[in-house]
1. With +1 on the Cβ of every Lys and Arg and -1 on the Cβ of every Asp and Glu, and nothing else charged, how large is the dipole of the range 56-164 about its Cα centre, in debye rounded to the nearest 20?
2. Highest mean first, what order results for 50-62, 83-95, 224-236, 259-271 on Cβ atoms within 10 Å?
3. For the range 478-637, build the convex hull from the C-alpha positions and give me its volume per residue in Å³.
4. Could you give the distance between the Cα centres of the range 235-264 and the range 41-104, to the whole Å?
5. Give the share of C-alpha pairs in each 10 angstrom bin for the range 31-76, from 0 to the last occupied bin, in whole percents, shortest bins first.
6. Could you compute the FRET efficiency for Phe219 and Val447, with r as their C-beta to C-beta distance and R0 at 35 Å, rounded to 0.05?
7. To the nearest 20 debye, what charge dipole does the range 186-402 have about its Cα centre, counting +1 at the Cβ of each Lys and Arg and -1 at the Cβ of each Asp and Glu?
8. Suppose we look only past 21 Å in the calculated P(r) of the range 2-178. What percent of the Cα-Cα pairs does that tail hold?
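Bear in mind that the values in this text are calculations on the coordinates, not laboratory data. Every value quoted in this text rests on a predicted model; they were computed, and no experiment measured them. Don't worry about glycine lacking a Cβ; one is built from the backbone with ideal geometry, like all the others, and counts go over all protein chains shown.
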Amino acid sequence: MEYRGLTLDKFQEDAIHAIDENRSVLVSAPTGCGKTLVAEYAVELCLEKGKKVIYTAPIKALSNQKYRDFKHRFGDEMVGIHTGDLSVNPGAPILIMTTEIFRNMILEQSDRLTDVLYTVFDEVHFIDDEERGTVWEESIILAPDHIRFVCLSATVPNIDDLAEWMETVRESKFTVVKELVRPVPLKYHLFSAKYGPVSFKMLDRMYLKNPKQRKKMQFRKPSSRRIINTVLQDEGTPILYFAFNRKACEKNALFHADLNLLDQEEKDKIAVMIDDLVNRYQLNDYDKLDSLRSLWYRGVAFHHAGILPAAKEIIERLFATGLIKLLFCTETFALGVNMPARTVIFDDLEKFNGVEFLYMTNRAFLQMAGRAGRRGMDEIGHVYCHIMPETTDPKEVKRLFYEESEEVQSRFVASYATILSLYSRHGEQAYPIFQKSLRNYRSGHFVITKDYKKEENQIRARVRFLQENGYLKGQELTDKGRLAMAVSGYEIQAAELYKTRCFDQLSPEKVVVVLAALITEARKKNQIASDFTFKTDAPKIISQLIRKEENAGVKEPIRELDFSLAEPVFAWANGCDLTRLASFGVPEGDLIRILRMTIQLLRSIKQSIDDPVTIEKFSKAMDLINRDAVDAEAELKIESSL
């Protein structure tokens, strides 16, 4: 079978046949096998039938990439995008969105879902994500019956159980399609800066059994110079070098600033590309540009969530064009974005979680390792693990190399917005719906486990809180409850601040600071010393809300307001430029993410209230911060024009 000039693999054929028969399909295959092609077929079929299709993705880079690809293929008018920070052409037949937005549309019982035939869940194993996984479960459980799903997943051992749960909860047939063989096989290497290549025999011999001895060596990370030189000598570029923290990414990249990985033709090409992209993104005044540019000219770069989104976009384009030969990155680079390399290097196999060093999960390791080996270009993909033999446990390495991924686990926790939506519609009959989580599913049916009893107790505590505090009157939604349900994400905080008239006394600039403090979860508490304060009742209102939750028996209450980023947020709202923003010592990428999420919160409150004075104030607040590097829509237009 051929599709779009490609001869299809058997798993792709099987998935396409299932879609032709109007079935839902769950495709499980290793990174780089061509799962996305199945989703693209479903998109095309929906258009042929005059129906709509929704494409959900777990990360912004993947959403934007899909938006560009689909626009290029189907035309501007056919494609829209709706994520937290932007909404472009939302009535289009192909709509790309975050899973959170899809879930919110379901809770709102939006008319926009009426003509949707298929919804694609890219990276559906994200169900296992501790923070966001519940959104996938809620979407699968609550989506209207007429919607079929195309679920794309990395290989996980309990994929059949996952599909069986989906079939039961959706009451419709799911076809499971599995591909176990990678198109480009991987070869694993252990490498030590001190000893060079390391065999398992050598590792067994050198591993220190005494934890105290190991701990002494743990923080003495050797230089990455030798491992990179070895791979360069073997002509292993392009190289993705995964490091588990941003500092290590930058430090390693700067340490290799003396490399010269481009020939003259490539140097000429990259110079033209960089100048063009910097002009398009208006980054000529960005004070960090010179140091980034000097690395790029040598074919080296670093990429992580703390850098400017536009700079990340430039790096991704340079890498995709083959002009970045050595990219130091964090694990987010391995998620969904199709940027394969010839070689992957792991800076470490252990990750510090803030308390202790823990070895990676198999799924995380395979997701990153799977970026090695480019289909049609490399016969083999090389995966190097940069280790210290004395501190690296052979048992753990063998697990990572030879065992399959961990099973996908349920992370279901009913949000306040979901509880408000379901309880107001179904009352006590909402509880059987909450019971449909993956956690409560056991081979063919739902069971009331000890876990569910705990879960139900928490949902009941939340319902009690909502009734006692004016969000629900019995089963009925109040105005405050309706606002909370519509905001969905910081819902009770936003509704409480609005209903207590907290915003009335604040200027638009200070409204921005308070809402940003709802969202902020500083990587390091009080990461910037600041004496920036202003008079507002907001902290007291949120503290009281937390006490009320605790009184109702809610085990995991909301967080207190975090004003640690208030000063740079206030400066941006008052018109500061990018150079000034960078001077606060907080990574620009983090600040821009918080500001974009604040815009999302401002927009959703504004759309849900009937109060001209507050609406005008919130509109002004949005205008103040949605500019320059923060303006996601302007950035997307630039990306789409390239």
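1. That gives the range 56-164 a dipole magnitude of about 580 debye.
2. Ranking, from highest mean packing down: 50-62, 83-95, 224-236, 259-271.
3. 121 Å³
4. Each part reduced to its Cα centre gives a spacing of 34 Å.
5. Going out from 0 Å in 10 Å bins, the range 31-76 shows 23, 59, 17, 0 percent.
6. Values: r = 47 Å, r/R0 = 1.33.
Step by step, r from the Cβ atoms, then E = 0.15.
7. 1180 debye
8. On the way: 6792 of 15576 pairs.
Beyond 21 Å sits 44 percent of the P(r) for the range 2-178.
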